[in-house]
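Reviewing the structure listed below.
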Amino acid sequence: MTDGVFVGIDTSNYTTSAAVVTEAGEVLANLKLPLPVGDGARGLRQSDALFAHNKNLPVMAEMLRKALGDR
């Protein structure tokens, strides 16, 4: 029998992140995509971060698919 898995997604002012763990606590994936924050900047404005996350989320979904393979 295969354990269930949990997916967590975090959207901050600096990165789009996702992780997948099993019910047993095994980390299957822990991925991060940076947002285009300029040098010395303190993150992005909310509207700019939302736009960047909307661009990153399909890329993140494909990265998770590849990381998990046939699981």
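The C-alpha atoms of the chain define a longest principal axis, and helix 46-68 lies at about 30 degrees to it. Note on Leu50 and Val27: with the Förster distance fixed at 25 Å, the Cβ-Cβ geometry gives a FRET efficiency of about 0.35.
Per-residue ellipticity at 222 nm from helix content only, as computed over the chain with -39500 (n - 2.57) for each DSSP H run of at least four residues, stands at -11500 deg cm²/dmol.
As an equivalent ellipsoid, the chain spans semi-axes of 28, 11, 9 angstrom, where each value is the square root of five times an eigenvalue of the C-alpha gyration tensor, largest first. Springs join every pair of Cα atoms under 10 Å in this Gaussian network model of the chain, and among Ala24, Ala61, Ala52 the largest mean-square fluctuation is at Ala24.
The slack between Arg65 and Ala41, meaning 0.36 nm per residue of separation minus the straight C-alpha distance, is 5.4 nm. Surface exposure of the chain, expressed per residue as accessible area with a 1.4 Å probe, stands at 73 Å².
Heavy-atom surface analysis with a 1.4 Å probe gives the chain a carbon and sulfur content of 54 percent of its accessible area.
Only one residue of Gly25, Gly40, Thr15 has its Cα farthest out toward the positive end of the dipole of region 15-58, where Lys and Arg carry +1 and Asp and Glu -1 on Cβ, and that residue is Gly40.
The values are calculated or read from the model by the stated rules, or taken from the named source; none is laboratory data. On a predicted model such as this, the values are computed, not experimentally measured, just so you know. Methodologically, a virtual Cβ is constructed for each residue, glycine included, from the backbone with ideal geometry; neighbour enumeration extends over all protein chains shown. Surface areas here come from the heavy atoms of the whole protein model, side chains and all, with no ligands, DNA or RNA. Shrake-Rupley method; radii C 1.70, N 1.55, O 1.52, S 1.80 Å.
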